[in-house]
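Below is one structure, written out as structure tokens, with a few remarks after it.
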Amino acid sequence: MKSARFKGYLYALIATVAFSNIYIFSKAALNEVHLSQFGFYWYLIGCFLNFLLILKTGKIAQFKSMTRADFGILALLGFMEIATTSSFFISIHIIPDPAVTSFLGNLYPVMLTIMGVGILKERFGALEWFGVSLALIGAFLISYQGGDSLSRLFIPGTSVVVFNALLAAATSIVVKKNIHRFSPELFSFNRTFWLLLFSAGAFVYYKQTFAIPFSALKNIAIGAIIEPLALLTIYLSFKYIEASRSSIIQSLKGIFVLAGTFLYLGTIPAKYQLIGGLLTVLGVLVMTLAQARLIRIGKTS
């Protein structure tokens, strides 16, 4: 039992480090190429790897038994993933420091918690809501720049991150409600398939060239290979430990992004953004610990 739990936490840690590196390598690549070039190469590699995975595991056979409704759900998820992933990489492109983007990305579990209560009728107690409040305060500190109008009140890219968090939470809700229909491998392949189609369309629309710097191609390849690893290790962690316990490890993602960004790109957020970022990490950590029932006060409501 202890060995199984150790495996679960180890997989969760690997997934967290892998996801952190996606921020770093995608930012490095986007500094050199157009967003449509980036997306085309990233998801060409990702879709190919995911196709090999469903082929090797035999999950490709599941397509034969799918109904029209099943394909409809996959198409819906595909469009949601296009909007979610596009806004994710746009935010990385706009915001200079990936660590800031990652800290603001902690709004995702906050949105997921709120939607879980409103849509899935999940129950949360005082500690969960305290964690949500901490994360929101931290996100405000990170993004606030004190402009003289609403459009200048927050740093550029903040609205894109908020939009991304809402979309990501909505997508997770759809996946959660249909998790029994499809295997994780099919979810992953479906995601990269639709994203490749969209990226290819954008590539043609913006009349981009296939020629990109080797350094950008290297960073894209590393990130595109890491992404399936991150998703796979997340699913593997769920085999050995509860999703809420896996989320505890994942909530530390911002710290890994902060360290990796400093080492690889040589950037570091401002002091007030660091304080806000640590508050978002603490808020998500409190929220997930409470959901895992590792800390608890009062009654759930």
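The values are calculated or read from the model by the stated rules, or taken from the named source; none is laboratory data. Note that the coordinates shown come from a computational prediction; the quantities given were computed from them, not determined experimentally. Don't worry about glycine lacking a Cβ; one is built from the backbone with ideal geometry, like all the others, and counts go over all protein chains shown. We work out accessible area using only protein heavy atoms, side chains counted, and drop any ligands, DNA or RNA first. Shrake-Rupley method; radii C 1.70, N 1.55, O 1.52, S 1.80 Å.
List every residue pair whose Cβ atoms lie under 6 Å apart, where the two residues are 6 or more positions apart in sequence or sit on different chains, the first residue falls within the stretch 250-270 and is in contact (Cβ under 8 Å) with a residue 12 or more places away in the chain, and the second residue, located anywhere, is assigned to a loop (DSSP other than H, G, I, E, B) and of a type in the set (D, E, K, R).
Sorted first by the residue in the stretch 250-270, then by its partner, the pairs are Thr267/Asp97; Pro269/Asp97.
Kindly check whether there is at least one residue in the stretch 60-75 that is under 24 Å from Phe210 (Cα atoms), touching a residue at least 40 places away in the same chain (Cβ under 8 Å) and part of a helix (DSSP H, G or I).
Checked against the condition, which is being under 24 Å from Phe210 (Cα atoms), touching a residue at least 40 places away in the same chain (Cβ under 8 Å) and part of a helix (DSSP H, G or I), the stretch 60-75 yields no hits at all.
Could you tell me whether Leu258 is farther than 22 Å from His93 by Cα, at pLDDT 75 or above, of a type outside the set (Val, Ile, Thr) and touching a helix residue (DSSP H, G or I) at 6+ places or on another chain (Cβ under 8 Å)?
Here the answer is no, as Leu258 does not meet what is asked.
Check whether at least one residue in the stretch 94-111 is at pLDDT 90 or above, crowded, with 19+ Cβ neighbours inside 10 Å and part of a loop (DSSP other than H, G, I, E, B), and report yes or no.
Yes.
Among all residue pairs at least 6 apart or on different chains, which show Cβ distances below 8 Å where the first residue, located in the stretch 168-180, is open to solvent by 30 Å² or more (accessible area, probe 1.4 Å) and the second is outside any helix (DSSP H, G or I)?
Listed pairs, sorted by first residue: Lys176/Leu120; Lys177/Leu120.
Filter the stretch 245-280 for residues that are open to solvent by less than 10 Å² (accessible area, probe 1.4 Å) and outside any loop (DSSP other than H, G, I, E, B); which is farthest from Pro109 (Cα to Cα)?
The qualifying residue farthest from Pro109 (Cα to Cα) is Thr261.
Just to be sure I understand, how many residues within the stretch 26-54 are surrounded by fewer than 24 Cβ atoms within 10 Å (Cβ to Cβ), in a helix (DSSP H, G or I) and either hydrophobic (A, V, I, L, M, F, W, C) or at positive phi (or both)?
Number of matching residues: 12.
What number of residues in the stretch 157-174 are under 15 Å from Arg191 (Cβ atoms) and over 14 Å from the mean Cα position of the chain (by Cα)?
1
Take the residues in the stretch 183-230 that are open to solvent by 40 Å² or more (accessible area, probe 1.4 Å) and of a type in the set (Phe, Trp, Tyr), then tell me which one is nearest to Leu265 (Cα to Cα).
Phe214
Here's the yes/no breakdown for (1) in a helix (DSSP H, G or I); (2) under 23 Å from Ser102 (Cβ atoms); (3) in contact with a Cys (Cβ under 6 Å, 6 or more places away or on another chain); (4) modelled with pLDDT under 85:
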| position | (1), (2), (3), (4) |
| --- | --- |
| Ile137 | yes, yes, no, no |
| Gly146 | no, yes, no, yes |
| Asn164 | yes, yes, no, no |
| Glu185 | yes, no, no, yes |
| Leu195 | yes, yes, no, no |
| Gln208 | no, no, no, no |
| Ile225 | yes, yes, no, no |
| Ile234 | yes, yes, no, yes |
| Lys239 | yes, no, no, yes |
